[in-house]
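Structure, as structure tokens:
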Amino acid sequence: MGRFFASIFSLWMGAGAAYANVPAIECLGPTQAKGHLIYLHGLTPPGEDTAEEGENRKVLEQLARELSLRIAMPRGSLCSTGKVCWPAADRNEVLKTFDELREKAKSCWSGNPRYDLLGFSNGGYYAFKLYKAHQDPQLTRILATGSAGIWDPKSDQPNPASRFFLMIGRQDITLKKASQLAGLLRKALPGFRFETFPGGHRLDYKTTKMLLESR
């Protein structure tokens, strides 16, 4: 048993060291951009990005160029699983995580501009929880992809501060759950949109661009 806990502790310390060597935030796009976006990654190892995130970054770089976006890419927190994630066990933790990522985003732009938020996979699940909890009037739209969530028509209410959009690949293993959630949100949220695209668990350029350009 002692060797087991020693092994777990060693792995955790290694993960912590790897996490410490990764920047807390990266910024993409022109400093004098027309729009502002926060991107939340999916579950990642502490010291490197997944192949999915590498492809997602290419999409974000293209969006930044073509839509004149300044994109803040904060790093999540090292969670008990040893992966980097967006803590959201309850409403208080959702808002605490939000405060932390907003603080990081300030290094990518000045002032207090209106902005959108885009979450992928674990970041998408967090994004939907944030939609239900936040009160930031500057957060205009929240987009989630490769994820789903829970909506209780008896207790959950539309957020007047933001619109919520959901998108997912037609081969994504979460498609059924996302479609079920979309069925509920169509009845509940003003301006809600649900879009699917070819392929699986990824960030789709064409669909994301369409939703970011929508008014």
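Too long at a 30 Å Cα-Cα cut-off: which of Lys83/Lys129; Lys106/Lys177; Lys154/Lys176; Lys104/Lys206; Lys34/Lys176? With Cα atoms farther than 30 Å apart: Lys106/Lys177; Lys34/Lys176. Note on Lys187/Met210: beta-carbon distance plugged into 1/(1 + (r/R0)^6) with R0 of 35 Å gives a FRET efficiency of 0.95.
Just so you know, the averaged projected area of the alpha carbon convex hull for region 32-116 sits at 6.1 nm². Ranked by solvent-accessible area (1.4 Å probe, protein heavy atoms only, all chains present), the residues Ser155, Ser121, Ser147 order from largest to smallest as Ser155, Ser121, Ser147.
Note on region 63-215: antiparallel DSSP beta bridges, both residues inside, total approximately 10 percent of the bridges counted. Applying 1/(1 + (r/R0)^6) with r as the Cβ-Cβ distance of Ser68 and Arg170 and R0 = 22 angstrom yields a FRET efficiency of 0.15. Calculated on C-alpha atoms, the gyration radius of the chain divided by its Kirkwood radius gives an Rg/Rh of 0.97.
Packing here is the average count of other Cβ atoms within 10 Å per residue, and on that basis the peptides 101-111, 134-144, 35-45, highest first, run 35-45, 134-144, 101-111. In this simple spin-label model, placing a label point 7 Å from the Cα along the Cα-to-Cβ direction at both Asp90 and Arg114 gives a separation of 3.5 nm. Based on C-alpha pairs under 8 angstrom that are at least 6 apart in sequence, region 157-215 has a relative contact order of 42 percent. Looking at region 39-89, the GluC sites (Glu not before Pro) that sit in a DSSP loop and have at most 15 other Cβ atoms within 10 Å of their own Cβ are Glu48. Translational diffusion of region 129-182 was estimated from the Stokes-Einstein equation, with Rh taken as the Kirkwood radius over Cα pairs; at 25 °C and 0.890 mPa s the coefficient is 203 µm²/s. Estimated from helical segments only, the mean residue ellipticity of the chain at 222 nm is -13000 deg cm²/dmol, where each DSSP H run of four or more residues counts as -39500 (n - 2.57). Net charge of the neighbourhood of Gly200, taken over other residues with C-beta under 9 Å away and scored Lys/Arg +1, Asp/Glu -1, is +1. Inter-label distance, Gln180 to Glu61: 3.9 nm, where each label sits 7 Å from its Cα along the C-beta direction.
Placing a label point 7 Å from the Cα of Val22 along the Cα-to-Cβ direction, the residues of region 72-98 whose backbone N falls under 15 Å of that point are 73-87.
Comparing Cα centroids, region 99-142 and region 155-195 end up 17 angstrom apart. Extending 7 Å from the Cα toward the beta-carbon at both Ser77 and Ala133 defines two label points whose distance is 0.9 nm.
The values are calculated or read from the model by the stated rules, or taken from the named source; none is laboratory data. Just so we're clear, the structure is a prediction, and the values are computed from it rather than from any experiment. Heads up, the Cβs are rebuilt from the backbone with ideal geometry, glycines too, and the neighbour counts pull from every protein chain shown. Heavy atoms of the whole protein, side chains included, go into the accessibility calculation; ligands, DNA and RNA do not. Shrake-Rupley method; radii C 1.70, N 1.55, O 1.52, S 1.80 Å.
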